[in-house]
Amino acid sequence: MTIGPAAPDSASSLANRLGRRLAVVSGIFLMIVSSIMLLNGYLLRAVDPLDSPALRTLSAQLAQDADNAELRQQVRELDLLARRAFFVRQWQIRTGGILLAVAGLVFIVSLYLMTAGNRRLPDLKRCPGLAAPWSGAARARRMITVGGVLLMMAAWGVYLIAGREALVSDPSPAVTETGVLPPSVAAAPVEAPAGSAAFRRHWPAFRGPGGLGWAPDAEPPIAWDGRTGEGVRWKAEVPRRGFNSPVVWGARVFLTGADEQTREVYCYDADTGALLWTAGADDVPGAPGQPPKVTADTGYAAPSVAVDGQRVIAIFGTGVILGLDFEGRRLWARYLGTPDNLYGHASSLLIWHDTVFVQFDHFGGAQLMALEVETGRTRWTRPRAADTSWASPILVESAGRMNLILAAAPMVAAYDALTGEERWSRDVLSGEIGSSPAYAGGRVFVANQYAQAVALNADTGLTYWATPEMELPDAGSPVATDRYLFLPTSYGVFSCVDATDGTVVWEHEFAAGGYGSPILAGDRLYWVTEEGQTRIFKAAGTFELIAEPALGEPSVCTPAFVGRRLYIRGDQHLFCIGSE
């Protein structure tokens, strides 16, 4: 009598053999990938590349010897290596998640094939002598399966934690669940302050009206010397350091400064440089007493303020945002939650009509917020499936509507400024995004190191062209004309790209680069380098250097342009350039 399993047919036997081989290969692959992901997750928490003892030591030495150019370069290079290491590990974890999903599917298919070709098991009750070996084999298979599943689940946990996107809770009771503005606001006329004559006479936000980097009505000088005072109208000391850029309305210039103990807003007389008032950002309900950890090159005062002629809105790296009138009196203050990012919050603000927009992208939850300028109440919030970003929004009028364009890994997206409705989104970015979008001629441009340069239709988001084959910005933002896209880098290479097809028109390598953004004033580009020199050259299809006036101290900020003057923030002073 036959007690063994029945012989399978040839098709079942082939399926069984194929399933077994696939199961072995995919199972081994799953265990290897899971182990690597767990190791990467452990290393990201046990050994933080962004908090290296060597970098801390060099940064402390630089703080004591700020003029040491060689030491500054060492800090910059080590910081760049640390950032690359961090994002390589992040990429490995996220890629591992995809590989786990694919390998898991293959493993499931292989198990199906194995069962399809399985032979019939013997009746162990009728054959007591065979029970022990078969039971032992079954237990071993169960242990291997359970262990593999647990390992894969742990690896998936690492993947989900690395890519968490939970929203920060909004303490304001005025948040609308639908994201729709109240009827009185929705009925407001749609017009573009960034294109109006009133706004063009001022510099109301980072990179000017709409955040676009254009100063079409300005006639700034091309010669000055900050050390001797030649061409400098005035120079004023700033009480506390900050990496935000000057904002100008009428006869007033606004900045912020901060350290671990104090966050402040400053207002200067645009004609004399006198400090008119200082407003603190303390005593805000809900804000913790201990500020978050930030890096020295970002600090607590990286975002630039936004103004509308009556009110000043400022945000700090602590998550505190406040509104002031033009005399420095506090109108309101809110705590939005502590930004959870690698260096510190840096996205600047924009005002349109009576609404201020906050790009609040960080690991704890990415969102775009619209607040009432007068009261700080939330009009709407828009959750975003984005990673942390240090870029700032821009305002673009398209198809009769005003849109906010935001850049963050992995996407660039357009939102209706009135309602917050997402009009389009394209996954074209990766890595750490510090470069803000640009706009000209119906095209939106985004470009960032470790990603690519992309041109998109402002109405639909459809891609005109995309290429990584050029020197890409890592901090400063591009600026565009109808014909050309101009790209800065912190290491000195400046590029001109054809806006219609993405081909490189010219590249020029300066001895030093800058973290500020170039501004288009007439037919000239002004780009302030880290050393405090302003590179002035033609915004044209051939490189033509006009002048390189020096500020006399380092600068990482973007200048403000009003009439025949420009305002530049240096490491310790605010400068007004121009005699009129």
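The values are calculated or read from the model by the stated rules, or taken from the named source; none is laboratory data. Predicted model only: the values in this text are computed from it and were never measured. Cβ sites come from the backbone with ideal geometry, for glycine too, and all protein chains shown count toward neighbours.
Answer yes or no: is there a residue in segment 457-465 that is modelled with pLDDT under 95 and either part of a loop (DSSP other than H, G, I, E, B) or surrounded by fewer than 22 Cβ atoms within 10 Å (Cβ to Cβ) (or both). No: zero hits. Is it fair to say Gly273 is crowded, with 22+ Cβ neighbours inside 10 Å, at pLDDT 95 or above and touching a strand residue (DSSP E or B) at 6+ places or on another chain (Cβ under 6 Å)? So Gly273 does not fit the description; no. Taken together, the residues in segment 325-354 that are assigned to a loop (DSSP other than H, G, I, E, B) and within 17 Å of the chain's Cα centre (by Cα) amount to 12. For segment 217-228, name all the residues that are surrounded by 13 or more Cβ atoms within 10 Å (Cβ to Cβ) and of a type outside the set (A, V, I, L, M). Matches in segment 217-228: Asp217, Glu219, Pro220, Pro221, Trp224, Asp225, Gly226. Return a yes/no flag: does segment 284-301 have any residue that is closer than 15 Å to Asp325 by Cβ and surrounded by fewer than 15 Cβ atoms within 10 Å (Cβ to Cβ). No: zero hits.
Going through (1) surrounded by fewer than 17 Cβ atoms within 10 Å (Cβ to Cβ); (2) over 23 Å from Thr558 (Cα atoms); (3) of a type in the set (A, V, I, L, M) one by one, Ala512 falls short only on (2). Of all the listed residues (Ala414, Ala391, Ala370), the sole one being within 19 Å of Gly211 (Cβ to Cβ), assigned to a loop (DSSP other than H, G, I, E, B) and assigned by TED's automatic domain parsing to the domain that holds Thr500 is Ala391.
For segment 532-578, what are the residues that are part of a strand (DSSP E or B), of a type outside the set (A, V, I, L, M) and under 16 Å from Val232 (Cα atoms)? Of everything in segment 532-578, those that are part of a strand (DSSP E or B), of a type outside the set (A, V, I, L, M) and under 16 Å from Val232 (Cα atoms) turn out to be Gln533, Thr534, Phe561, Arg565, Tyr567, Arg569, His573, Phe575, Cys576.
Summed over segment 493-504, residues that are touching a residue at least 40 places away in the same chain (Cβ under 8 Å) and part of a strand (DSSP E or B) total 3. Per the conditions (1) closer than 21 Å to Glu230 by Cα; (2) surrounded by 22 or more Cβ atoms within 10 Å (Cβ to Cβ), the sole criterion not satisfied by Glu548 is (2).
Would you mind stating whether Ser490 is under 17 Å from the mean Cα position of the chain (by Cα), assigned to a loop (DSSP other than H, G, I, E, B) and closer than 22 Å to Ser392 by Cβ? When the stated conditions are applied, Ser490 passes them. Of the residues making up segment 423-449, those that are within 21 Å of Pro518 (Cβ to Cβ) and in contact with a helix residue (DSSP H, G or I) (Cβ under 9 Å, 6 or more places away or on another chain) are Glu432, Ser436, Pro437, Tyr439. State whether the residues of segment 329-350 include one that is in the same structural domain as Val248 (by TED's automatic domain parsing), under 20 Å from Asp282 (Cα atoms) and among the aromatic types (Phe, Trp, Tyr). Yes, the conditions are met somewhere in segment 329-350. For segment 285-308, the tally of residues that are among the hydrophobic types (A, V, I, L, M, F, W, C) and at pLDDT 95 or above stands at 5. Residues in segment 547-580 that are more than 17 Å from Trp203 (Cβ to Cβ) and in contact with a Phe, Trp or Tyr (Cβ under 6 Å, 6 or more places away or on another chain): Pro549, Val556. Filtered by the rule that a residue be touching a strand residue (DSSP E or B) at 6+ places or on another chain (Cβ under 6 Å) and either in a loop (DSSP other than H, G, I, E, B) or aliphatic (A, V, I, L, M) (or both), segment 505-531 gives Val505, Gly514, Gly516, Pro518, Ile519, Leu520, Ala521, Leu525, Val528.
For segment 307-317, taking the residues that are among the β-branched types (Val, Ile, Thr) and more than 12 Å from Phe360 (Cα to Cα), the one that is nearest to the chain's Cα centre (by Cα) is identified as Ile313.
The set of residues in segment 420-440 being surrounded by fewer than 22 Cβ atoms within 10 Å (Cβ to Cβ) and either of a type in the set (Lys, Arg) or modelled with pLDDT under 95 (or both) consists of Arg423, Arg426, Ser430, Gly431.
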